[in-house]
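The block underneath contains the structure these notes are about, expressed in structure tokens.
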2 protein chains.
Amino acid sequence: MSAASLDALIGALTCLPGVGRKSAQRLALHLLQHDRDGAERIVESLREALRRLRHCRQCRNFADDELCSICADPARDQATLCVVETPADVLAVEASGAYRGRYFVLLGKLSPLDGMGPEQIGLDLLEQQLEEGRIREIILATGATVEGDITAQYIADLAAARDITATRLARGIPLGGELEFVDSGTLSRALAARRPD
Amino acid sequence: MSAASLDALIGALTCLPGVGRKSAQRLALHLLQHDRDGAERIVESLREALRRLRHCRQCRNFADDELCSICADPARDQATLCVVETPADVLAVEASGAYRGRYFVLLGKLSPLDGMGPEQIGLDLLEQQLEEGRIREIILATGATVEGDITAQYIADLAAARDITATRLARGIPLGGELEFVDSGTLSRALAARRPD
């Protein structure tokens, strides 16, 4: 019983993650009633991003040009490569401010049942870069899940075959974590991997 | 350190209600990585809605044409008018399935401090319709808030001056609740139990 163009907009907004019909309605009415400028900005920037954004030919992260801004930056350490699953992971590591090397974005993880093999996650491109001999350390920063671990192991083997050091992000208690609220799996690993102070 | 067009998109998405920078990033990356078709659909439908949607000249609800689909429907009871604050409230009452009359959408509520006087909420247009003599009952379905109550009282006075019955939704509605978020069962009961003002 509402306008057709409003219905279409509500339907389209439900494709956002975590947005059901009710939230989509709320978003649509907010934009149309209270923030038409913001709505115009979403239209323009989303269209522009869809048109311009591609994957960096070196690291597969999102980029406006052939190379992403990190790969194109000569100040970044070219000998260290951090392998992550998604562009969001790159943003997370960058936000930590603790890393100055390059990245390689898998855009997924090994999961044969879902049709994700070595080629789908760009390992041919990664092997090519390992062959070039510039990379001295590869940091395996895949997720702490079963598939993430399997993917990391697979890439560690590729590195070992070329005498390249492979390291993994330390696993343990998160900063600010109260021991009593940390899950037992994490705690058990943190105990096993305890280090001299 | 990410692509400029991605940054612009993330910035634009923060104008959605309840979406901060982190959520905006998640939405943007999801659309670009996993649902480009959905992203295209959002661009198209949002642009179309911005271009086409206007306010119905009779009830001020969103409409694709001069009249909204409810005002244009001859099967609706023309003698009963339900006054609500927002288009979302119309959708909520419609979803209850308990109402067959017309609506009047205030697009706000009386709030002199925010510059919302009788004219801003379209009461001149409402008075005009009350003058025409077709309306026999006016249902005051503003929110159960202080401003909502004041607005309802103001409109009840307009109705009383013209010997039109004014009723209010029964107070089954939780105090302080906005109409938009009430479940349709409660709303349906409140409609059925409306009482003379």
**Asked** For segment A:22-32, how many residues meet the condition of being more than 7 Å from chain B (Cβ to nearest Cβ) and among the polar types (S, T, N, Q)?
**Response** 1
**Request:** Go through (1) within 7 Å of chain B (Cβ to nearest Cβ); (2) open to solvent by 10 Å² or more (accessible area, probe 1.4 Å) and name the single condition A:Val19 misses.
**Result:** (1)
**Number of the condition not met by A:Ser188 [criteria: (1) under 18 Å from the mean Cα position of the chain (by Cα); (2) open to solvent by 40 Å² or more (accessible area, probe 1.4 Å)]** = (1)
**Fill in**
Picking from A:Arg47, A:Arg51, A:Arg57, A:Arg41, the residue that is touching a helix residue (DSSP H, G or I) at 6+ places or on another chain (Cβ under 9 Å), assigned to a loop (DSSP other than H, G, I, E, B) and either facing chain B (nearest Cβ under 7 Å) or without any contact (Cβ under 8 Å) to a residue 60 or more places away in the chain (or both) would be A:Arg57
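Does A:Asp65 qualify as being more than 16 Å from the chain's Cα centre (by Cα), without any contact (Cβ under 8 Å) to a residue 24 or more places away in the chain, within 11 Å of chain B (Cβ to nearest Cβ) and open to solvent by 60 Å² or more (accessible area, probe 1.4 Å)?
yes
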**Asked** Can you name every residue in segment B:84-117 that is farther than 16 Å from B:Gly185 by Cβ, open to solvent by 10 Å² or more (accessible area, probe 1.4 Å) and among the hydroxyl-bearing types (Ser, Thr, Tyr)?
**Response** B:Thr86, B:Ser111
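The values are calculated or read from the model by the stated rules, or taken from the named source; none is laboratory data. Worth saying up front: this structure is predicted, and the values here are computed from it rather than measured. Glycine gets a Cβ as well: all are built from the backbone with ideal geometry, and neighbour counts include every protein chain shown. Side chains included, ligands, DNA and RNA excluded: accessible areas come from the protein's heavy atoms. Shrake-Rupley method; radii C 1.70, N 1.55, O 1.52, S 1.80 Å.
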